[in-house]
Structure formats: structure tokens, C-alpha cells
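What follows is a single structure, written as C-alpha cells, with notes after it.
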Amino acid sequence: MSELPFDLIRSRRKTFSVQIRDGRVIVRAPMSTTKEQAAAFVNRHRQWVLKHLEKERRILEDSRGIPPLTEQELQALSESARRVIPGRVRHYAPLVGVTYGKITIRAQRSRWGSCSAAGNLNFNCLLMLMPLSVLDSIVVHELCHRKHMNHSQSFYREVLRVYPNYHECQKWLKTNGRALLRRLP
């Protein structure tokens with residue numbers, strides 16, 4: 001059994017994690033981790049890694065024939081997002097019970113949304129290519145960060161209180177999100 005190649009990223013964390021990104025295996029580990037310890041971790045999770053590498057390969061293959069978005073298409077998506085998303089935020093903010101600052105729309109390669117400590121919200125213009133229910137789930141997710149700036153159980157309880165279909169929307173994102181992100185030029 002050959003060793004799977006991986007990139008090792010050491011940081012001030014206490015645990016190991018493995019992820020697949022653009023066909024690469026990435027191990028995140030504590031600062032003191034040796035390459036051998038990381039390789040052993042990858043080997044212990046070999047079946048998971050192989051399964052997700054294959055899934056990533058299929059997603060890449062499925063999205064090969066889809067052309068990247070043009071500048072005009074991106075501009076149209078951004079304009080549409082500027083019209084639609086603030087209304088969705090206004091709708092859900094009182095349900096979550098929070099206020100928010102500025103709303104910014106961007107074409108981002110790795111995030112659907114984010115929330116700053118100051119309460120400013122950022123959203124990806126590619127949300128306009130998703131079903132409204134998925135867009136709403138991301139809006140609620142970011143608004144709930146106004147109460148919990150983490151991904152704790154309390155955070156997810158709040159998300160599910162406001163948006164009970166959240167997990168279904170996350171499944172849609174896992175299945176379709178990567179292909180959408182690949183459309184960015």
C-alpha cells in the first residue's frame with residue numbers, strides 16, 4: 001500500500017484534520033507534528049481520503065464542459081445579489097434577533113458568506129445561482145454569527161431554530177457548490 005501524498009499545514013491547533021481541496025489532500029495539524037505523524041494520520045483515514053478524492057474527481061469531470069462566467073455575467077450576478085440579498089437579510093435579522101452593519105457582495109472563491117466582529121456581512125454573488133432556500137440558509141448562518149462567532153452547538157441550535165431545513169441546504173451545497181465556484185474566472 002503506497003503512501004498518499006499530502007500537504008501539511010501546521011498551526012496553533014490541538015487536533016488533526018484532513019480535507020480534500022482541488023484534488024489535493026491537506027492535513028492541518030499542531031505545530032509539533034512530524035511528517036511521519038501526519039502520514040500515519042492520513043493512513044488511518046485512508047478510506048475516507050480515497051472516497052473524497054474520487055468524489056472531487058467526479059465533480060471536476062462533471063464541471064469540465066461548463067464555461068467560466070464572463071465579466072458581464074459576474075456583473076449581472078453581483079447586481080442581482082445587491083437587489084435580493086439585503087431583503088433576505090432584513091427578513092431574517094429580526095427572526096434571529098440581531099442587528100447588522102454593512103452588506104458587501106463579492107465574487108469569492110472559497111466562501112459563500114462571512115460575518116465580521118463589527119457585524120458587517122459579506123456574501124458571494126454566486127448565491128444567485130442557487131435555489132432561494134440555500135441562499136436563505138447562508139443568510140441565516142451569517143446572521144447567527146452575530147450571536148455566536150463560532151460554530152458551536154449553541155450556534156447550530158440557533159441556526160436550526162430559525163431555519164429548520166438548514167441541513168438539507170448544506171447537502172445541496174456539498175453536492176453543487178464546488179461546481180459553482182469553479183465557474184469563477
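The values are calculated or read from the model by the stated rules, or taken from the named source; none is laboratory data. Since the structure is predicted, the reported quantities are computational estimates derived from the model, not experimental observations. A quick note on method: Cβ atoms are made from the backbone with ideal geometry, for glycine too, and the neighbour counts reach across all protein chains shown. Accessible surface is based on the protein model in full, side chains and every heavy atom, while ligands, DNA and RNA are left aside. Shrake-Rupley method; radii C 1.70, N 1.55, O 1.52, S 1.80 Å.
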Check your understanding: Can you name every residue in segment 58-76 that is modelled with pLDDT under 80 and either touching a His at 6+ places or on another chain (Cβ under 6 Å) or not in a loop (DSSP other than H, G, I, E, B) (or both)?
Key -> ARG58, ILE59, LEU60, GLU61, ASP62
Review point. Can you name every residue in segment 86-131 that is over 24 Å from LEU180 (Cβ atoms) and among the hydrophobic types (A, V, I, L, M, F, W, C)?
Key: ALA93, LEU95, VAL96, VAL98, ALA117, ALA118
Check your understanding: Within the set of pairs 6+ apart or on separate chains, which have a first residue in segment 141-158 that is of a type in the set (A, V, I, L, M), a second that is in a loop (DSSP other than H, G, I, E, B), and C-beta atoms under 8 Å apart?
Key -> LEU143/VAL98; LEU143/TYR100; MET149/ALA117
Review point. Scanning for something part of a helix (DSSP H, G or I), at pLDDT below 95 and closer than 24 Å to VAL134 by Cα, does segment 36-52 turn up at least one residue?
Key: yes
Exercise for review: Look at GLY87 and say whether it is free of Cβ contacts under 8 Å to residues at least 40 places away in the same chain and in a helix (DSSP H, G or I).
Suggested key: yes
Check your understanding: ALA38 versus (1) within 20 Å of ARG10 (Cα to Cα); (2) under 22 Å from the mean Cα position of the chain (by Cα); (3) among the aliphatic types (A, V, I, L, M); (4) surrounded by 17 or more Cβ atoms within 10 Å (Cβ to Cβ): which is the lone unmet condition?
Key -> (2)
Study note, to complete from the structure: Condition set out of contact with any strand residue (DSSP E or B) (no Cβ under 6 Å at 6 or more places or on another chain) and surrounded by 15 or more Cβ atoms within 10 Å (Cβ to Cβ), scope segment 64-88, selection nearest to VAL134 (Cα to Cα): answer is ARG88
Review point. Of all residues in segment 10-35, how many are part of a strand (DSSP E or B), within 19 Å of the chain's Cα centre (by Cα) and not small (Gly, Ala, Ser)?
Key: 9
Check your understanding: What pairs come up if the first residue lies in segment 107-131 and is farther than 16 Å from ASN150 by Cα, the second is in a loop (DSSP other than H, G, I, E, B) and open to solvent by less than 50 Å² (accessible area, probe 1.4 Å), and their beta carbons are under 7 Å apart, counting only those six or more places apart or on different chains?
Key -> ALA107/LEU184; ARG109/LEU184; ASN124/GLN108; ASN124/TRP112; LEU127/TRP112
